[in-house]
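Notes follow the structure.
Each reported figure results from applying straightforward, stated rules to the coordinates on display, with no laboratory input. Everything quoted here is computed from the prediction, not taken from an experiment. Note: ideal-geometry Cβ built from the backbone for every residue, glycine included; neighbour counts use all protein chains shown.
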Amino acid sequence: MINSNNGFKFSVFPVAIVLLIALFVGGCVTDMQNKPKETFGKIFGAGLGALTGSQIGSGKGQMAAVAVGALAGAWMGGEIGKSLDAADKLLMDRTTQQSLEYSRTGTRSSWRNPDSGNAGSVTPAKPFKKASGQVCREFEQTIYVDGKQETATGKACRNNDGTWKII
């Protein structure tokens, strides 16, 4: 804990985590032109990893879990992103949107790209409303790339235009 001159107290640990993640994501942005699939995977993975980590513990333990989750998710997402091409992402995004909008709770919707051999599935949970009235759903997404399976969970909310945005 550090005290500033004006009496404001703050912990160095959360600030360090935020700076570390900002530096990592900032580095990803410069890679976007050279390696867009890997960069997208890192950013998506970091978000899901941080979300997962935020569900663990409290206080400093929770901050550590968020940091570890974000870094692990970024690494895994980058590895998957190296192999997903534009057609894979289009199939994955389309399946995710349709599953969140139309599928019953627990029903798996699958996609497969015959050209790359990559595949995946999305399984939505029961819809719920936020205090604002916005409809949201948690979901599980599994991706198969080169025979390797990666599974992550996330949450998405429906926008006013009817599309779903992962949060």
FRET efficiency for residue 135 and residue 115, using Cβ-Cβ distance with R0 set to 30 Å, rounded to 0.05: 0.30
Across region 86-166, how many lysine pairs, 8 or more positions apart or on different chains, have C-alpha atoms separated by under 17 Å? Please give the number. 9
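Multiplying the sequence separation of residue 146 and residue 86 by 0.36 nm and subtracting their Cα-Cα distance, what value in nm do you get?
Numbers: separation 60, 0.36 × 60 = 21.60 nm, distance 1.61 nm.
Here the segment from residue 146 to residue 86 would lengthen by 20.0 nm.
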